[in-house]
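Please treat every number below as a calculation from the coordinates, not as lab data. Bear in mind the structure is a predicted one, so any value in this text is a computation, not a measurement. Note that we place each Cβ from the backbone using ideal geometry, even for glycine, and neighbour counts take in every protein chain shown.
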Amino acid sequence: MAAVGTKGHRRVVSAKDLGAAVRDARRSQKIGQEELAELTGVSQPNISRIERGERPATVETYIRLLEAVGVDLVAVPRS
């Protein structure tokens, strides 16, 4: 799992970390993969692979998935 920073922010360093962030946000919103697929147009099998880190997705797909579960993808400069 990715490191969690202050204010609930999560440091993501790989596609696997991003997939885990999607999964955790989806679960916290009590949304199933099928429902997320309907909300985003991303197939349920692809969501499953993305969440497990087996299939990297485009930035646009990660944004669609995260927005559907109420999470913003934000780039923060390293300090």
**Asked** Using a Gaussian network for the chain with springs between C-alpha atoms less than 10 Å apart, which of these wobbles most: Arg27, Arg52, Arg64?
**Response** Arg27
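Could you list Leu65, Leu18 in order of exposure, starting from the residue whose Cβ has the fewest other Cβ atoms within 10 Å? Mind showing how you got there, number by number?
Numbers: Leu65 28, Leu18 24.
Lowest count first: Leu18, Leu65.
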**For the chain, with +1 on Lys and Arg beta carbons and -1 on Asp and Glu, the positive-most of Thr61, Ser79, Ser14 along the dipole** = Ser79
**Asked** Short version: ³J(HN,Hα) in whole Hz for each residue of the stretch 47-64, in order, from phi by Karplus 6.51 cos²θ - 1.76 cosθ + 1.60 (θ = phi - 60°), x for Gly and Pro, what are they?
**Response** 4, 4, 5, 4, 4, 8, x, 8, 9, x, 10, 6, 4, 4, 5, 4, 4, 4
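If each residue's Cβ is checked for other Cβ atoms within 10 Å, how do Val42, Val22 rank with the fewest at the top?
Details: Val42 20, Val22 25.
Going from sparsest to densest Cβ surroundings: Val42, Val22.
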**Request:** Consider the candidate values (1) 60; (2) 28; (3) 69; state which one is percent of Cα pairs over 19 Å apart computed from the structure displayed.
**Result:** (2)
**Item:** Packing-based exposure ordering (other Cβ within 10 Å, fewest first) of Glu35, Glu60
**Value:** Glu60, Glu35
